[in-house]
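Notes follow once the structure below has been shown.
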Amino acid sequence: MRLIDSQGRNINYMRLAVTDRCNLRCVYCMPKAGIAKKGHDAILSYEELLFVAETAVGLGIEKIRITGGEPLVRAGIVPFLDRLAEIPGLRHLVLTTNGLALEDMAGDLYRSGVQRLNVSLDSLDGKTFAGITRGGDLKKVLSGLDAAEQAGFPPPKINMVVMRGVNDAEIPDFVEMARTRGTTIRFIEYMPVGWEDGWQRYCVPGSEILERIRARYTLVEVHKGPSAGPSRDFRIPGSRGAVGIITAVSEHFCNACNRIRVTSTGQARGCLFAGEAADLVPWLRPADRSGLAGALSEIVSRKPVRHRISAPGHSHERFTMSQIGG
Ligand code: SAM
Ligand code: SF4
């Protein structure tokens, strides 16, 4: 079975947010005060999340990324991942985390069947890191990265949101990290989430990021598989490391978009920037497999052709990335 949208795109990747809570308050993701806490009932239970995942895999989803908020702050996440990893037909189970809990949890995550971790890390300087995350401890994240490798994971991919005047001077330090750790660093353009003024001044276009790297390093573009996601990746000859750029703002990659998103409150979206979301809750309480399959197929068939965030005067509904899962 395959999920094909109106543009002929094969939708085989789902980002599934298991919580909207987080132990950090990154400046580009959440307001300083955090977000209003939702009641227990508003958040999907693990049974409901599994039902969504199984139904989506039955329709053609092959890769699920667990995200949040911070997925590792939700109690009971490991037994949930154990069960998720057993869904027949799910080929890739991956997870994005801020890395703070990896020191303690990497072994359990590896044993649960998660195949790969992405860790968000925007600075290698303790003070800058604490500033961006509003209080995060860089040392903990770095030990978490080591713990992940010791547990058996391949070196986690690092997501760095590049912000002009904040951390963009560290681009070469991250390239060195890619070379020495043998991992991939993905440089992400700062995306507007709708409540910050003047976001454009922070956004460093991917082309400029590449130019700045190429001034010091030779890069060779890597060609990737169909469920690989939106980054353009480049090998650094002479090392196992690679760098990638994610240019959601300056060069949208909507024509290759293969994803849908489901939030922890059961809202399915065909596009991060589409105001429209389908409420899956009526198909979960009580569980109705064919109704849910219909709702997921509908979100795919209504997936926008492309987003328009870079269009002059564009505005979109305010959201926090932590609620949608990035
Ligand atoms: N808490 C986890 C983490 O930080 O990796 C998972 C959720 S977080 C919302 C997922 C990703 O979204 C992170 O890599 C984060 O850097 C990215 N993100 C959040 N807000 C963003 C923004 N305004 N622009 C670009 N990326 C953003
Ligand atoms: Fe939390 Fe991740 Fe958002 Fe940072 S990017 S506030 S770690 S959800």
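The values are calculated or read from the model by the stated rules, or taken from the named source; none is laboratory data. Just so it is clear, the structure is predicted and the values come from calculations on it, not from any experiment. Note that we place each Cβ from the backbone using ideal geometry, even for glycine, and neighbour counts take in every protein chain shown. To get the accessible areas, we keep the full protein, side chains included, count just its heavy atoms, and leave off ligands, DNA and RNA. Shrake-Rupley method; radii C 1.70, N 1.55, O 1.52, S 1.80 Å.
Hey, can you tell me all the residues within segment 3-45 that are outside any loop (DSSP other than H, G, I, E, B), within 16 Å of ligand 1 (Cβ to nearest atom) and of a type outside the set (Lys, Arg)?
Answer for segment 3-45, where residues must be outside any loop (DSSP other than H, G, I, E, B), within 16 Å of ligand 1 (Cβ to nearest atom) and of a type outside the set (Lys, Arg): 13, 14, 16, 17.
Given the criteria open to solvent by less than 30 Å² (accessible area, probe 1.4 Å), more than 16 Å from ligand 1 (Cβ to nearest atom), of a type in the set (A, V, I, L, M) and at pLDDT 75 or above, does residue 295 qualify?
Considered against the rule, which asks whether it is open to solvent by less than 30 Å² (accessible area, probe 1.4 Å), more than 16 Å from ligand 1 (Cβ to nearest atom), of a type in the set (A, V, I, L, M) and at pLDDT 75 or above, residue 295 comes out as yes.
So, in segment 230-267, of the ones that are aliphatic (A, V, I, L, M) and outside any loop (DSSP other than H, G, I, E, B), which residue ends up surrounded by the most Cβ atoms within 10 Å (Cβ to Cβ)?
243
If the requirement is being in a loop (DSSP other than H, G, I, E, B), closer than 21 Å to residue 184 by Cα and open to solvent by less than 20 Å² (accessible area, probe 1.4 Å), which of these qualifies: 114, 119, 94, 141?
114
With respect to the numbered conditions (1) touching an Asp or Glu at 6+ places or on another chain (Cβ under 6 Å); (2) among the hydrophobic types (A, V, I, L, M, F, W, C); (3) open to solvent by 40 Å² or more (accessible area, probe 1.4 Å), which one is the sole condition not fulfilled by residue 203?
Here residue 203 clears every test but (3).
May I ask you to list the residues in segment 156-185 that are under 23 Å from residue 109 (Cα atoms) and surrounded by fewer than 20 Cβ atoms within 10 Å (Cβ to Cβ)?
181, 182
Which numbered condition in (1) open to solvent by 40 Å² or more (accessible area, probe 1.4 Å); (2) more than 16 Å from ligand 1 (Cβ to nearest atom); (3) over 19 Å from the mean Cα position of the chain (by Cα) is the only one that residue 87 fails?
Result: residue 87 passes all but (1).
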